[in-house]
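> To start, I am sharing the structure in question, which I have written as structure tokens.
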Amino acid sequence: MIRVAQILGKMNGGGAEQVVMNYYRAIDREQVQFDFYLFKGSKYVPVEEIKSLGGRLFVLPTLKHPVKYFRTLRRLLSENGYRIMHCHLSTLSYLPLLAGKKAGVPVRILHNHSTSGGAREWLRNIAKSLFKPFARMHATEYFACSEYAAQWIYGSRATAPLTEDSHPEVKHRRVRIMPNAIDTKKYKFSEKSRREVRRELNIPVKSLVIGHIGRFCPQKNQGFIIDIFREVLQQNQNAVLVMTGDGPDRELIKARAIALGVSSRVVFTGQRSDAERLYSAFDCFLLPSNYEGLPVVGVEAQCSGLPCLFSNRVTPEIKLLGTAQFLPLGNPHDWACAVLCCSGLRDSKAPEVLTQKGYDIFSAARDLADFYLRNSDC
């Protein structure tokens with residue numbers, strides 16, 4: 001049995017940590033175990049679950065204290081004698097990857113889950129761009145959640161087809177696409193869950209329920225969802241908006257709902273661990289993000305058969321079913337019309353389709369375990 005060091009940031013209910021946990025639950029833990037390295041201050045850490053599955057947790061200083069972070073991580077990696085480390089911090093992985101290199105970890109995976117931010121995150125975008133080459137420099141293996149995310153961090157040649165004439169660097173930096181896979185049976189639509197959740201949230205049975213799940217932050221663009229919902233209400237007064245998640249912008253979004261006079265029809269559930277039940281209660285799912293790698297919530301929502309509306313800044317690879325659409329940002333009226341047209345068009349074959357397309361977590365976890373085991377003797 002080998003242990004793999006999974007290097008994360010804060011576990012605050014985001015997509016990257018959810019992907020890692022999905023794989024951890026499904027992987028053969030008699031062959032592969034995960035150790036989780038997290039920033040201090042993580043809010044949603046499934047401590048008991050991780051320990052019960054055989055994993056270990058290590059809390060690190062944040063990158064606000066880079067020297068302390070580097071020294072602590074290098075020491076822990078060296079003491080635990082890892083053969084493989086798997087970094088999920090996008091371009092900020094440059095520091096843990098360097099620590100792993102200095103600690104003698106032979107296999108160092110850089111795994112990108114995202115792309116560049118919106119205008120409000122210009123400083124972060126500059127930092128991401130500056131750190132790209134350093135992150136690549138200290139990695140030995142290159143992963144991404146989608147071709148779009150791969151090209152953003154590794155360059156357009158990273159996913160180009162290999163030929164005999166391919167440049168050596170292209171062959172060396174060949175990227176492995178690791179799907180944001182899920183338990184497709186778990187996310188299958190349930191009429192029972194639909195009734196129960198609507199009753200729990202005091203939503204009338206015949207309401208049009210628009211749903212969103214995500215961390216409240218500029219990336220997810222939740223203020224635009226409130227704008228869309230106001231347009232929807234003008235045409236359907238039975239509509240209800242359910243917003244699930246937590247984050248720094250949550251109170252700001254609540255204030256926007258009040259300012260636009262729609263707060264009485266908006267349900268803020270907070271962070272929840274039963275997303276599969278919520279999807280069954282929704283009639284439509286919105287994700288007008290400013291940027292995404294390949295959002296796991298988009299995979300989950302489609303697995304439930306939901307019609308999904310994504311912004312055209314989300315990777316096209318998220319379109320797994322015919323019920324998914326892309327719209328440009330800027331005009332909430334157009335989004336509202338799309339919501340009213342597509343709601344209720346559920347795809348009953350969704351879990352089977354996603355399984356065929358490689359998004360079943362048990363199959364994907366076997367592939368990941370095989371990769372780890374093949375490379376553990378490097």
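> For the stretch 279-335, name all the residues that are small (G, A, S) and either in contact with a helix residue (DSSP H, G or I) (Cβ under 8 Å, 6 or more places away or on another chain) or part of a helix (DSSP H, G or I) (or both). Explain how you work it out, then say what you get.
Initially, the stretch 279-335 is screened for residues small (G, A, S), giving 280-281, 289, 293, 298, 301, 304-305, 311, 322, 324, 330.
Of everything in the stretch 279-335, those that are small (G, A, S) and either in contact with a helix residue (DSSP H, G or I) (Cβ under 8 Å, 6 or more places away or on another chain) or part of a helix (DSSP H, G or I) (or both) turn out to be S280, A281, S289, G293, G298, A301, S304, G305, A324.
> Can you pull out every residue in the stretch 336-351 that is closer than 14 Å to S280 by Cα and part of a helix (DSSP H, G or I)?
A350, P351
> Looking at the stretch 42-95 only, could you name the residues that are more than 24 Å from D246 (Cβ to Cβ), assigned to a helix (DSSP H, G or I) and under 23 Å from the mean Cα position of the chain (by Cα)?
Once the filter is applied, which keeps residues that are more than 24 Å from D246 (Cβ to Cβ), assigned to a helix (DSSP H, G or I) and under 23 Å from the mean Cα position of the chain (by Cα), the stretch 42-95 yields T91, S93, Y94, L95.
> I'd like to verify a number: residues in the stretch 249-271 that are closer than 26 Å to S42 by Cβ and either at pLDDT below 95 or assigned to a helix (DSSP H, G or I) (or both), how many?
Counting residues in the stretch 249-271 that are closer than 26 Å to S42 by Cβ and either at pLDDT below 95 or assigned to a helix (DSSP H, G or I) (or both) gives 6.
> With the requirement that a residue be at pLDDT below 90 and buried (at least 18 other Cβ atoms within 10 Å of the Cβ), what does the stretch 133-145 give you?
Listed by number, the residues that qualify are A135, R136.
> Looking at E196, E231, E276, which one is in a helix (DSSP H, G or I), touching a Pro at 6+ places or on another chain (Cβ under 8 Å) and in contact (Cβ under 8 Å) with a residue 60 or more places away in the chain? Steps first, answer last, please.
Working: E196 fails: touching a Pro at 6+ places or on another chain (Cβ under 8 Å); E276 fails: touching a Pro at 6+ places or on another chain (Cβ under 8 Å).
Only one candidate qualifies: E231.
Yes or no, residue by residue, for (1) in contact (Cβ under 8 Å) with a residue 12 or more places away in the chain; (2) under 25 Å from G330 (Cβ atoms):
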| site | (1), (2) |
| --- | --- |
| E200 | no, no |
| L208 | yes, yes |
| G245 | yes, yes |
| A259 | no, yes |
| S264 | no, no |
| R272 | yes, no |
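> Would you mind finding the one in I203, I225 that is of a type outside the set (D, E, K, R) and part of a loop (DSSP other than H, G, I, E, B)? If you could, list the steps in order and put the result at the bottom.
Values: I225 fails: part of a loop (DSSP other than H, G, I, E, B).
Checking each option against the conditions leaves just I203.
> While we're looking at this one, here's another question. So if I check each of G9, G55, which one is in contact (Cβ under 8 Å) with a residue 24 or more places away in the chain, of a type in the set (G, A, S) and farther than 18 Å from A369 by Cβ?
Unique residue meeting the criteria: G9.
> A follow-up question, please. Hey, can you tell me all the residues within the stretch 162-218 that are of a type in the set (D, E) and either modelled with pLDDT of 95 or more or surrounded by 19 or more Cβ atoms within 10 Å (Cβ to Cβ) (or both)? Before you say what the answer is, go through the steps one by one.
Kept after step one, since they are of a type in the set (D, E), are these residues of the stretch 162-218: 164-165, 169, 183, 191, 196, 200.
Listed by number, the residues that qualify are D183, E191, E196, E200.
> Could you please find all residues in the stretch 323-338 being surrounded by fewer than 18 Cβ atoms within 10 Å (Cβ to Cβ) and at pLDDT below 95?
G330 - this is the single residue of the stretch 323-338 that is surrounded by fewer than 18 Cβ atoms within 10 Å (Cβ to Cβ) and at pLDDT below 95.
The values are calculated or read from the model by the stated rules, or taken from the named source; none is laboratory data. Everything quoted here is computed from the prediction, not taken from an experiment. Every residue, glycine as well, gets a Cβ built from its backbone with ideal geometry; the counts of neighbours run over all protein chains shown.
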